[in-house]
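Q: Sharing a structure, written as structure tokens. Questions coming.
The values are calculated or read from the model by the stated rules, or taken from the named source; none is laboratory data. Not measured: the values here are computed from a predicted model. Quick reminder, even Gly has a Cβ in these numbers, built from the backbone with ideal geometry, and neighbours come from all protein chains shown.
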Amino acid sequence: MAYTFPKKTTTIVIGLLALFNIALHLLYHGNLEFHRDELLYFALGLHPDLGYATVPPLIGWVAALIQSIFGYSLFAVKLLPALLSGVMVLLACRIAKELNGGTYAQILVGIVIVFMPFTLRTFHLYQPVHLDLLFWTFLLYYSIRYVNTQKDSYLIYLGALAGIGMLNKYLIALLIISLAVAILFSPHRNVFTKRAFFKGLLIGFILFLPNLIWQFTHDLPVLGHMGALNERQLVNVDRGQFMLDQVLMTYGGILLVVSGIVYLFRKNKYRYLVFTAMIVVFVLVMLRGKSYYTLGILPMLVAAGAVALEKWIKNKIVRIVIPIFIVAISIPIIPLGLPVYDEMGLVSYFEDLEKDYGLQIGRTFEDGTIHSLPQDYADQLGWEELTKVTASAYASIPEKNKALIYCENYGQASAIAVIGKKYDLPEPISFNESFLYWLPSEFDPEIEYFIYINGELGDNVAAFFEEIEVVGSITNPNAREFGTTVFLCSKPKGSFNTFYKDVVESVEDPF
């Protein structure tokens, strides 16, 4: 009989794994700069609302709360994802326990969750993704709790979680629908006759309703965003690469994922979980979804796989070897998920992968081009330099009440809005993303100094101002925004308000 730790010891070990995961993410939080999207979500926090151009409102609400407590530092941005990485460990271990896993299964899943590339990356960045991953996992966990206990209260929890999850990322609707379809064809289909189910459904709808109303009152920007996403990014998704990425995202944990699928499929009670996962993957493959859209089903499958290995493998040596092996093969690829090196160390790491093994893993951007660093890392460079150059331009302006900063995209605008706090920069304008909703109608007094941030000077701007000075640009070739330039324009040839209104009317695509 295999040795089992006392319950208290098991709890301590799992707690230590959770703390280790938090510490791991905090330790390397400053190796790069803010991520483009992190800056956007903190900028959303400056304008709390019931909705935004491309995301539901929760990420902005949370950012507003973080800013009110911790300010606008890089540490403030990275703190919540790091803390929630510990929650992810605890939650995955609880799922293993609910699936009849003992000490070995719970500790094994905790170890694997810490070292898988997808969890390393997810909890490194302040994005809706890390919250989405938790909401998906909690939904699956409470569905298992309901199946195990038959307590109607869990149906209400499921409804409330679904509603809150929809306030974070609309992708969770795919899980909700997939879970409903899978349960409909399972022994648990009587759930749809329960009063508690409809109570939960109503609670979830009420929680989501404010954002739904906001969407309709703003002409459903989510549809425009989905159309732009499909046209500019998803069209480049390769279905074969999508499936390969599922292996790369879990890496050593793929052993547990496969084992979990087999284990759940053989358990009539929990088979609905496998069918839920299958529906999610099938829909995403058909719609050319991004690889990471499947993240929400992986912790559950990993937990099930840990339970399977615990039940199938009784040899103590083999049991010990499995987590050691997974950790050993995972350590060399940690930089794929977490920037444990600084910028140049990461560049060298990816160069060595290509030189020594012919691998270009992770360096292909959304547009299909290959660069020195993965897009997520390249998006964490250049923002400090851009803001500093902008601050220099702004400092040279004698009449700051007649100055305006314009940014071509949301990354630039968010950097000026967030990082610019330490330089006392005014909030910029942009026709991109949710910044479109915050545009002033006119300027009083008229603008005479125009700081223009873009890759190149726009023809209309060049024609409208008599004097244009290049103040500086992002000089880091590893930054995705390499070459983005700050222009200081002055001496307008006419009314800036008239010029501005003409430009606003010509804007067609805010995303």
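Every residue, every condition in (1) touching a strand residue (DSSP E or B) at 6+ places or on another chain (Cβ under 7 Å); (2) over 12 Å from L175 (Cα atoms); (3) modelled with pLDDT under 95; (4) not β-branched (V, I, T), yes or no:
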site: T250; (1), (2), (3), (4): no, yes, yes, no
site: V258; (1), (2), (3), (4): no, yes, no, no
site: Y263; (1), (2), (3), (4): no, yes, no, yes
site: I279; (1), (2), (3), (4): no, no, no, no
site: S291; (1), (2), (3), (4): no, yes, yes, yes
site: I297; (1), (2), (3), (4): no, no, no, no
site: A303; (1), (2), (3), (4): no, yes, no, yes
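Q: On to the next question. Is it fair to say L386 is touching a residue at least 12 places away in the same chain (Cβ under 8 Å), crowded, with 21+ Cβ neighbours inside 10 Å and over 30 Å from P492 (Cα atoms)?
A: Considered against the rule, which asks whether it is touching a residue at least 12 places away in the same chain (Cβ under 8 Å), crowded, with 21+ Cβ neighbours inside 10 Å and over 30 Å from P492 (Cα atoms), L386 comes out as no.
Q: Which pairs turn up if I take residues in the range 452-470 that are in the same structural domain as T484 (by TED's automatic domain parsing) and under 15 Å from D502 (Cα atoms) and look for partners that are among the small types (G, A, S) and not in a helix (DSSP H, G or I) with beta carbon separation below 8 Å, at least 6 apart in sequence or on another chain?
A: Pairs found: F464/G494.
Q: Keeping to the range 346-373, report how many residues are touching a residue at least 40 places away in the same chain (Cβ under 8 Å) and small (G, A, S).
A: 2
Q: Next up: Being closer than 16 Å to Y452 by Cβ, of a type in the set (V, I, T) and either without any contact (Cβ under 8 Å) to a residue 12 or more places away in the chain or part of a loop (DSSP other than H, G, I, E, B) (or both) is the filter here; which residues of the range 488-509 pass it?
A: If the condition is that a residue be closer than 16 Å to Y452 by Cβ, of a type in the set (V, I, T) and either without any contact (Cβ under 8 Å) to a residue 12 or more places away in the chain or part of a loop (DSSP other than H, G, I, E, B) (or both), then V507 is the only one that fits.
Q: So which helices (runs of 4 or more DSSP H) stay within the range 4-90 end to end and still have 3 or more residues that are over 25 Å from E427 (Cα atoms) and modelled with pLDDT of 95 or more?
A: Because the criterion is at least 3 residues that are over 25 Å from E427 (Cα atoms) and modelled with pLDDT of 95 or more, the helices (runs of 4 or more DSSP H) in the range 4-90 that meet it are 7-27.
Q: I want to confirm something. Restricting to the range 261-294 and keeping residues that are closer than 21 Å to T119 by Cα and outside any helix (DSSP H, G or I), which single residue is nearest to the chain's Cα centre (by Cα)?
A: Only one residue fits best here, namely K290.
Q: Given the structure, is L174 in the same structural domain as I329 (by TED's automatic domain parsing), among the aliphatic types (A, V, I, L, M) and surrounded by 19 or more Cβ atoms within 10 Å (Cβ to Cβ)?
A: yes
Q: Still on this structure, please answer the following. Among the residues that make up the range 191-198, is at least one of them at negative phi and of a type in the set (D, E, K, R)?
A: Yes, the range 191-198 has at least one match.
Q: Can you find, within the range 417-441, the residue that is farthest from L74 (Cα to Cα) among those that are touching a helix residue (DSSP H, G or I) at 6+ places or on another chain (Cβ under 6 Å) and among the hydrophobic types (A, V, I, L, M, F, W, C)?
A: F435
Q: Of a type in the set (V, I, T) and under 22 Å from L91 (Cβ atoms): does that describe I156?
A: yes
So that you can scan it fast, the table gives a plain yes or no per residue for (1) of a type in the set (K, R); (2) buried (at least 21 other Cβ atoms within 10 Å of the Cβ); (3) under 27 Å from A180 (Cβ atoms):
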position	(1), (2), (3)
K290	yes, no, yes
K314	yes, no, no
V318	no, no, no
E343	no, no, no
T364	no, no, no
S372	no, no, no
D376	no, no, no
